[in-house]
Amino acid sequence: SRCILITVNPEDGVKSEGMQPLRRMREIRLAPSGPLRDVHGQSPIFGVQGGLLKPGFVHLGQTVYVKYKPSPF
């Protein structure tokens, strides 16, 4: 999930009064209902940690399947 640090302007160190861009990310980047939403609640999801089960090449237009794993281990 995304931390609040992105609401601070790196140029002057001033925090956004409107909590942007975090507020906007909460509108479009929440986890879907289910285990991820249970863990992260209203924190926007910004990245994906993934791994391979079967190495190979992915070509343009090819279907790739992703499976949720509740634990990284």
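The values are calculated or read from the model by the stated rules, or taken from the named source; none is laboratory data. Owing to the predicted nature of the structure, the values given are computational and were not obtained by experimental measurement. Remember, those area values only see protein heavy atoms, side chains included, never the ligands or the DNA or RNA. Shrake-Rupley method; radii C 1.70, N 1.55, O 1.52, S 1.80 Å.
Remarks
- Label of the coordinate-derived value, Kirkwood radius over Cα pairs in Å, listed as (i) 15.1; (ii) 13.7; (iii) 14.8: (i)
- Residue among 61, 51, 34 with the largest mean-square fluctuation in a Gaussian network model of the chain, springs linking Cα atoms under 10 Å: 61
- Summed over the residues of the chain and divided among them, the accessible surface reaches 93 Å² per residue at a probe radius of 1.4 Å.
- Residue-averaged 222 nm ellipticity for the chain, from DSSP H runs of 4+ at -39500 (n - 2.57), nearest 500: -4500 deg cm²/dmol
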